[in-house]
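The values are calculated or read from the model by the stated rules, or taken from the named source; none is laboratory data. Bear in mind the structure is a predicted one, so any value in this text is a computation, not a measurement. So basically every Cβ, Gly included, is an ideal-geometry build from the backbone, and we count neighbours across all protein chains shown.
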């Protein structure tokens, strides 16, 4: 990865310069394992969809390059983390959930129980009716009230 050189052009588009000093526009930055290993396995894709560079670990990059990658990822990824479930409109679906996330309080609509996916024993991914994914990284860390509500849907 030493040959990887990242920068932005005048329009703010991320560029990667290869070992032959050729610059390529980066169309998309994608994590291979966004939840289980977010700093490992990051792909830089060109405008044609082909991989321009593979980053085994963000830790191997210098701070400037790491900040550029993290900036691109922040624009692409939006996954609020649920820390509390306040209420649900019904224990049958569809139901409206009022929750607290790391981005503030919000409501989400759960159309079916299938929209709650267990990723690990304690990690859940909930996708609302608009397609927004919410993460519960540790069910055991939720308060008793939140766990009780969640148990009715699992």
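Between 104, 131, 49, which is at pLDDT 95 or above, closer than 30 Å to residue 12 by Cα and out of contact with any helix residue (DSSP H, G or I) (no Cβ under 6 Å at 6 or more places or on another chain)? Lay out the reasoning, then the answer.
On the way: 131 fails: at pLDDT 95 or above; 49 fails: at pLDDT 95 or above.
Selected residue: 104, the only one of 104, 131, 49 that is at pLDDT 95 or above, closer than 30 Å to residue 12 by Cα and out of contact with any helix residue (DSSP H, G or I) (no Cβ under 6 Å at 6 or more places or on another chain).
Among the residues of the range 107-128, just one is under 20 Å from residue 87 (Cβ atoms), in a loop (DSSP other than H, G, I, E, B) and either in contact with a helix residue (DSSP H, G or I) (Cβ under 9 Å, 6 or more places away or on another chain) or at pLDDT 95 or above (or both), namely 128.
From the list 106, 127, pick out the single residue that is more than 14 Å from the chain's Cα centre (by Cα) and surrounded by 14 or more Cβ atoms within 10 Å (Cβ to Cβ).
Details: 127 fails: more than 14 Å from the chain's Cα centre (by Cα).
None of the others qualify; the one that does is 106.
Residues of the range 84-103 that are loosely packed, with under 15 Cβ neighbours inside 10 Å and outside any loop (DSSP other than H, G, I, E, B): 84, 86, 87, 96, 98. When the range 66-80 is limited to residues that are loosely packed, with under 14 Cβ neighbours inside 10 Å and touching a residue at least 24 places away in the same chain (Cβ under 8 Å), the one that is farthest from residue 35 (Cα to Cα) turns out to be 76. Go through the range 21-41 and report how many residues are in a loop (DSSP other than H, G, I, E, B) and more than 16 Å from residue 119 (Cβ to Cβ). Total meeting the criteria: 3. Just one of the numbered conditions (1) in contact with a helix residue (DSSP H, G or I) (Cβ under 9 Å, 6 or more places away or on another chain); (2) part of a strand (DSSP E or B); (3) closer than 28 Å to residue 138 by Cα is not true of residue 44: (3).
Against the definition (farther than 26 Å from residue 154 by Cα and free of Cβ contacts under 8 Å to residues at least 40 places away in the same chain), how does residue 18 come out, yes or no? Spelling it out, residue 18 is indeed farther than 26 Å from residue 154 by Cα and free of Cβ contacts under 8 Å to residues at least 40 places away in the same chain. In the set (1) at negative phi; (2) surrounded by 13 or more Cβ atoms within 10 Å (Cβ to Cβ), the condition left unmet by residue 41 is number (1).
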